[in-house]
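To start, the structure itself, in structure tokens.
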Amino acid sequence: MPKIALDRRALLVAILAAFVAFLDGSIITVALPAITDELGGGLPVQQWVVDAYLITLGALILLAGSLSDLLGRIAVLRIGLIGFGIASIACGLAPTAELLIAARAAQGVAGALLVPSSLALIMGTHRGPAQSRAIGLWTAWTSAAFIVGPLLGGVLTDLLSWRWVFFINVVPIALTMLLMAPMRNEPAAVRTPIDVWGAVLGAFGLGGVVFGLIEQANYGWQSPVVIVPIIVGVLSLIGFIVRQATAQHPMMPLSLFRNRNFAVGNLATVAIYAALSLSTLVLVLFLQQAAGLSATASGLVMLPITIMLIAFSSLFGTLAGRFGSRWFMTAGPLIAAAGLVSMLAIDVPFDFVPQALLGVVLLGLGLAVTVAPLTSAVLGAIEPARSGIASAVNNAISRISGLVAIALLGAVVGTVVDAAWLDRALQLCAALLSIGAVVSAIGIRRVAEPEEVEAAAR
């Protein structure tokens with residue numbers, strides 16, 4: 001293999017490793033109708049196939065961030081890639097919906113190891129303007145993975161089978177492992193104990209709440225099958241926060257949130273990523289199940305978003321490093337919200353140019369303006385020594401936001417996929433993006449003050 005500079009190799013590894021994890025958060029969406037046609041289960045199974053992955057990813061990503069800082073980013077990435085490959089093959093071979101959901105949960109466990117370690121690798125190998133540009137590239141490609149997923153999944157589902165949306169993961173995993181071969185692992189000098197109780201409480205908290213939210217469509221809000229998991233989940237989440245406030249070595253140090261940009265950036269993340277996850281899912285489901293498009297055609301509708309992200313995310317990441325993230329994080333969500341409002345024109349029969357083209361272009365541009373500056377604002381506020389856990393917190397919040405939004409889909413928007421259902425979902429997502437813009441405008445500072453970083457480190 002030809003020689004590649006360390007920082008460039010690290011960037012390629014980071015992008016490819018995270019690309020796989022982000023891709024599997026969305027590639028599945030266009031395959032959901034084909035999966036339930038073969039395995040049965042309807043909308044609840046579709047929600048679980050998506051959320052089983054997000055539950056374990058969101059619940060364990062904080063633990064993975066701690067492992068990244070403790071054991072070294074390269075070691076954790078290798079473990080995550082191998083585990084993800086095995087789980088992907090298990091998903092592709094699953095003969096029943098239950099086994100597919102279990103394999104998706106295993107994918108999430110491995111995926112949790114990839115995201116924080118990949119971004120921490122960039123933070124550890126890049127400095128100054130180069131770091132902002134690298135974050136922009138990482139954000140562009142990982143966000144593009146999330147959006148290009150429906151197109152790739154549609155092609156694979158239509159030409160081969162829905163099972164190939166999982167088998168395809170072997171290709172980027174093998175390439176990443178090859179690039180990583182000469183890279184040295186650098187574990188932390190001080191080995192901090194892992195917060196196992198924090199991980200357990202977080203997993204039970206997310207799992208219980210999401211289980212109840214999804215299954216209420218089957219059993220109703222009065223059923224113990226719904227009420228008991230939600231109560232256990234809420235109590236576990238409360239216990240998780242108490243644990244993080246009192247543990248000697250917490251999995252999610254609450255001191256991180258003393259930094260204004262970190263705290264505000266994560267609050268904006270909740271609204272922005274809930275809207276992104278929910279809007280992409282409902283658009284793909286409507287286009288297939290109501291408008292009658294093929295999996296490939298519904299994925300092609302989302303293609304302009306991918307193009308905008310790849311073309312402009314690095315540029316806006318660089319600009320945010322120079323001018324600060326505040327106004328990019330304000331303008332971007334508003335542009336994206338305008339795109340979703342424009343897509344209220346979508347109806348049956350579906351006509352892409354008059355109904356959706358302007359909307360998907362505005363959505364893509366808005367996301368390109370937003371995502372890299374948001375990542376820079378959150379991680380640039382934290383010292384490099386804790387970049388792994390800071391990245392894990394932000395990514396956990398973004399995944400959990402999408403997870404809860406999707407789990408609430410049936411309860412808040414409804415279960416009958418028609419034009420009115422789509423309109424309600426798009427209006428909700430536009431409102432969430434607007435909230436993210438307001439939070440950013442009010443709360444984000446141009447740069448994190450040095451004393452804030454020092455205070456967060458204590």
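The values are calculated or read from the model by the stated rules, or taken from the named source; none is laboratory data. Because the structure is a prediction, the values reported are computed rather than measured. Neighbour counts are summed over all protein chains in view; Cβ atoms, including those assigned to glycine, are modelled from backbone coordinates with ideal geometry. Just the protein is used for accessible areas: all its heavy atoms, side chains included, with ligands, DNA and RNA removed. Shrake-Rupley method; radii C 1.70, N 1.55, O 1.52, S 1.80 Å.
Under the shape rule built on the C-alpha gyration tensor, where the axes satisfy a ≥ b ≥ c, the stretch 394-450 is oblate, since a/c reaches at least 1.5 while a/b does not exceed b/c.
Remark: the chain carries 37 Å² of accessible area per residue (probe radius 1.4 Å; ligands, DNA and RNA excluded).
Contact order for the chain, expressed relative to its length and based on alpha carbon pairs under 8 Å spaced 6+ residues apart, stands at 24 percent. Annotation: extensible slack from TYR219 through ASN185 equals 7.3 nm (criterion: 0.36 nm per residue apart, minus Cα-Cα distance).
Computed about the Cα centre, the dipole magnitude for the chain is approximately 1400 debye when only Lys and Arg (+1) and Asp and Glu (-1) carry charge, each at its Cβ.
Within the accessible area of the chain, the carbon and sulfur atoms contribute 70%, probe 1.4 Å, all protein chains present.
If a/c stays under 1.5 just call it rounded; otherwise compare a/b with b/c (prolate if a/b is bigger, oblate if not). Do that for the stretch 162-264, with a ≥ b ≥ c from the square roots of the Cα gyration tensor eigenvalues.
Oblate.
Each peptide in 259-268, 275-284 was scored by the mean count of other Cβ atoms within 10 Å over its residues; highest first, the order is 275-284, 259-268. Please list, by residue number, everything in the stretch 364-378 whose backbone N is under 15 Å from a paramagnetic label point 7 Å out along Cα→Cβ of ARG322. 373, by backbone N distance to the label point.
Indicate the gyration tensor shape class of the chain (rounded, prolate or oblate), computed on the Cα atoms with a ≥ b ≥ c the square roots of the eigenvalues: a/c under 1.5 is rounded; otherwise a/b larger than b/c is prolate and the rest oblate. Because its axes are fairly even, with a/c under 1.5, the chain counts as rounded. Ordering LEU422, ALA381, SER342 by Cα displacement along the dipole of the stretch 325-430 toward the positive end leaves ALA381 in first place; charges were set at the Cβ atoms of Lys, Arg (+1) and Asp, Glu (-1). When you filter the trypsin sites (Lys or Arg not before Pro) in the stretch 1-92 for DSSP loop state and at most 12 other Cβ atoms inside 10 Å of their Cβ, you are left with LYS3.
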